1. Filtering segment 27-46 down to residues that are touching a Leu at 6+ places or on another chain (Cβ under 9 Å) and open to solvent by less than 60 Å² (accessible area, probe 1.4 Å), which residue is nearest to Val120 (Cα to Cα)?
2. Are any residues in segment 23-35 hydroxyl-bearing (Ser, Thr, Tyr) and free of Cβ contacts under 8 Å to residues at least 60 places away in the same chain, and if so, which ones?
3. For segment 47-55, does any single residue satisfy the condition of being open to solvent by 40 Å² or more (accessible area, probe 1.4 Å), among the small types (Gly, Ala, Ser) and within 19 Å of Val120 (Cα to Cα)?
4. Give me the strands (runs of 3 or more DSSP E) completely within segment 62-124, filtered to those with at least 2 residues that are surrounded by fewer than 18 Cβ atoms within 10 Å (Cβ to Cβ) and modelled with pLDDT of 95 or more, ordered by residue number.
5. Looking for something of a type in the set (D, E, K, R) and touching a Gly at 6+ places or on another chain (Cβ under 7 Å) - is there at least one such residue anywhere in segment 50-73?
6. Could you give every pair whose Cβ atoms fall below 6 Å, whose first residue belongs to segment 61-86 and is touching a residue at least 60 places away in the same chain (Cβ under 8 Å) and farther than 18 Å from Tyr113 by Cα, and whose second residue is in a strand (DSSP E or B) and of a type outside the set (A, V, I, L, M, F, W, C), counting only separations of at least 6 or pairs across chains?
7. Could you give every pair whose Cβ atoms fall below 9 Å, whose first residue belongs to segment 9-22 and is touching a residue at least 40 places away in the same chain (Cβ under 8 Å) and part of a strand (DSSP E or B), and whose second residue is open to solvent by 20 Å² or more (accessible area, probe 1.4 Å) and among the charged types (D, E, K, R), counting only separations of at least 6 or pairs across chains?
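The values are calculated or read from the model by the stated rules, or taken from the named source; none is laboratory data. No experiment lies behind these values; they were computed from the predicted model shown. Cβ atoms come from the backbone with ideal geometry, glycine included; neighbour counts cover every protein chain shown. Just so you know, the surface numbers come from the protein's heavy atoms only, side chains and all, with ligands and any DNA or RNA stripped out. Shrake-Rupley method; radii C 1.70, N 1.55, O 1.52, S 1.80 Å.
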Amino acid sequence: QVQLVESGGGLVQAGGSLRLSCAVSGRTFSNYVMGWFRQAPGKEREFVAAINMNGASTDYADSVKGRFTISRDNAKSTGYLQMNSLKPEDTAVYYCALRRPPYIRTSAIQYDYWGQGTQVTVSS
């Protein structure tokens, strides 16, 4: 049974940084595309970033380009989202997700496995 566990969320002031982690078990992590999504209260879940199986290709939402960096360590079965220059509008629950290869996709419906989420709150 696949399990994704996010960690690293918390409360941070605007302009600060956080690093989210997503630990994967029950599947061979390197066989999957990984994505990060977020959902703010009253809003739909939205795409943040994704990375292909070997880390050579990434995609980002326009709202986070230049501030967030997605990465993965297949040897540790862990993915990461480094978030810098955080803004209050980045406040949301952040989810990691896996989808079968080979393509990066930005729609949540195209991801097969999900974590439980971690709260990120950015104060102004």
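1. Selected residue: Trp36.
2. Ser25, Thr28, Ser30
3. Scanning segment 47-55 turns up no residue that is open to solvent by 40 Å² or more (accessible area, probe 1.4 Å), among the small types (Gly, Ala, Ser) and within 19 Å of Val120 (Cα to Cα).
4. Correct list: 68-73, 118-123.
5. yes
6. Close Cβ pairs (under 6 Å, with a partner that is in a strand (DSSP E or B) and of a type outside the set (A, V, I, L, M, F, W, C)) amount to Gln82/Arg19; Gln82/Thr69.
7. Close Cβ pairs (under 9 Å, with a partner that is open to solvent by 20 Å² or more (accessible area, probe 1.4 Å) and among the charged types (D, E, K, R)) amount to Cys22/Arg72.
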